[in-house]
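Structure record follows, encoded as structure tokens.
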Amino acid sequence: MRLNLSLGRKKVAAAGFNRSAEKSRVAESLVRSASRLLERRNDRDVIHSVCESLTVATPHVRLAWTWFGPVDTPRIVPQVVVGPAADYARKLSIDRSFFTEIGSAFRTLAGKKVEPFNVSRMSLYGPWREAAAIHGIRCSLVLPLASTVNNDRGLLALYADQPDYFEQVGIGLFEALADMFSSVLSAATERVQLREAACSDALTGLLNRHAVDVVAQPILRTDGFDPQATVLVIDVDHFKRANDDYGHAGGDALLCSVADRLRRGLRKGDNVLRWGGEEFLVCLPRTDLASATLVAYKMLDAVGQHPHALPDGRSTQLTVSIGVAELGIAEPFIAAVERADTALYEAKRQGRNRVCKAPAMAASGNEPEPDARSVPERQSVTEITRSRASLP
């Protein structure tokens, strides 16, 4: 069933409207806009620039807007908006409902072909009446966008001030524009996937060193008003021995098991990276040194208290050593990691399976501090140390 909400489908050639000249203007705009595809810019910037070129080239195209995302979206809100009637689209929000699903936007998103249609002050749909009355819009065309990389879909909506404008100029020209935008969005999605792949560790699925700029930015402190943040450097104790005993497949399985336990112990907004080999880095925003030390002990227990499964059905125990450092004001991220790394090696020197805290940046000449719970003289810690000392 085709819903026709417009009045007067009879084609009208408005006085003074030159079809041939209009086709030439639109075609020239598309050709010139193709050069934007070669520029290294954000995909939305490219689409905005191309739409802007079109609305400048011809005053008859009053508005162009696009949306792109998952096909089952509950709402369509224009993402890129260009043209003299841009105010109309900026207020537009199309919620999915029985009525809107038979409208042009959601029908196009569902993969159904929607013919261009005229609008007027007498149209049944309120926003179209507004578009006609306030912005002089007389015709609309909605075209599908599709990613070739994933299942995302989108639409390009165009509005003109002449009845039957798109049929008179030639819908093929505007379909070519939609194809161009689909290519831009597909390429952008592919770049994002490549960046994510480059920043992901293939074995554990954690972030890797290439993601350091992404995780560092939110926790850097420029002044005393920025919240405290902490980094943990974690190393699997005697991992070379485990790798020799159980082979590379066993070693890989153990690294995945440790990674999973570290990941499950974090809050939303925390990050854990595979820093290299059997070493992991944890970034804790809005966390002071004392709170981060508690997190470190939870991770110590998460790794050490339960055996880790091996591919051959056996299991084994593992422990980790952890260095903790709170970021100083104006301290480079890598400098804080290096202080945590120094604390880690102090934990190794003291016997492994423990936590050591790095001194504050202002007192960086001091030795790393073993956490009180790692000091053997304390009775409450002696029992813990004794139980952990039996682990391989």
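The values are calculated or read from the model by the stated rules, or taken from the named source; none is laboratory data. Since we're looking at a predicted model, the values are computed, not measured. Ideal geometry is used to build each Cβ from the backbone, glycine not excepted, and the neighbour counts take in all protein chains shown. These area figures cover heavy atoms from the full protein model, side chains too; ligands, DNA and RNA do not enter into them. Shrake-Rupley method; radii C 1.70, N 1.55, O 1.52, S 1.80 Å.
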Would you mind telling me which numbered condition in (1) farther than 26 Å from His306 by Cβ; (2) free of Cβ contacts under 8 Å to residues at least 60 places away in the same chain; (3) surrounded by fewer than 19 Cβ atoms within 10 Å (Cβ to Cβ); (4) not polar (S, T, N, Q) Gly170 fails?
-> (2)
Please state which of the following conditions Ile76 fails to meet, knowing it meets all the rest: (1) farther than 20 Å from Asn151 by Cα; (2) at pLDDT 95 or above; (3) β-branched (Val, Ile, Thr).
-> (1)
Can you name the residue in region 234-250 that is part of a helix (DSSP H, G or I) and in contact with a Lys or Arg (Cβ under 9 Å, 6 or more places away or on another chain) and, of all such residues, is farthest from Ala302 (Cα to Cα)?
-> Tyr246
Filter region 307-321 for residues that are under 18 Å from Gly265 (Cα atoms) and surrounded by fewer than 13 Cβ atoms within 10 Å (Cβ to Cβ) and give the result.
-> Pro307
Could you tell me whether any residue of region 224-245 is of a type outside the set (Gly, Ala, Ser), modelled with pLDDT under 90 and within 30 Å of Val80 (Cβ to Cβ)?
-> no
Exactly one of Arg267, Arg209, Arg221 is under 20 Å from the mean Cα position of the chain (by Cα), in contact (Cβ under 8 Å) with a residue 40 or more places away in the chain and at negative phi, and that residue is Arg209
Check region 272-292 and report whether any residue there is open to solvent by 40 Å² or more (accessible area, probe 1.4 Å) and among the hydrophobic types (A, V, I, L, M, F, W, C).
-> yes
Does Ser93 fit the bill of being among the small types (Gly, Ala, Ser) and more than 26 Å from the chain's Cα centre (by Cα)?
-> no
Sole residue being of a type in the set (Gly, Ala, Ser), crowded, with 16+ Cβ neighbours inside 10 Å and within 31 Å of the chain's Cα centre (by Cα), chosen from Ala110, Ala64 = Ala64
Report yes if Leu145 is open to solvent by 50 Å² or more (accessible area, probe 1.4 Å) and at pLDDT 90 or above, otherwise no.
-> no
Residue ID - most open to solvent (accessible area, probe 1.4 Å), chosen from residues in region 202-212 that are in contact with a Ser or Thr (Cβ under 8 Å, 6 or more places away or on another chain) and more than 15 Å from Val337 (Cα to Cα) = Leu207
Scanning region 110-156 residue by residue, those over 19 Å from Thr189 (Cβ atoms) and of a type in the set (Ser, Thr, Tyr) turn out to be Ser120, Ser123, Tyr125, Ser140
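A quick yes/no check of all residues on (1) modelled with pLDDT of 95 or more; (2) over 15 Å from Phe68 (Cβ atoms); (3) hydrophobic (A, V, I, L, M, F, W, C):
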site	(1), (2), (3)
Pro127	no, yes, no
Ala131	no, yes, yes
Val149	no, no, yes
Leu158	yes, yes, yes
Val169	no, yes, yes
Ala188	no, no, yes
Does Leu254 count as touching a residue at least 24 places away in the same chain (Cβ under 8 Å) and within 25 Å of the chain's Cα centre (by Cα)?
-> no
Starting from region 87-107, keep only residues that are among the aromatic types (Phe, Trp, Tyr), then list their pairs with residues that are part of a helix (DSSP H, G or I) and open to solvent by 20 Å² or more (accessible area, probe 1.4 Å) whose Cβ atoms are within a distance under 7 Å, requiring at least 6 positions of separation or different chains.
-> Tyr88/Glu130; Tyr88/His135; Phe106/Thr100
Matching residues, region 154-165, being under 20 Å from Ser182 (Cα atoms), touching a Pro at 6+ places or on another chain (Cβ under 9 Å) and crowded, with 22+ Cβ neighbours inside 10 Å = Gly154, Leu155, Leu156, Leu158
Options Val215, Val231: the member that is in a helix (DSSP H, G or I) and open to solvent by less than 20 Å² (accessible area, probe 1.4 Å) | Val215
Scan region 32-48 for residues that are at pLDDT 70 or above and surrounded by fewer than 16 Cβ atoms within 10 Å (Cβ to Cβ) and jot them down.
-> Asn42, Arg44, Asp45
From Ser120, Ser200, residue being within 21 Å of the chain's Cα centre (by Cα) and among the small types (Gly, Ala, Ser) = Ser200
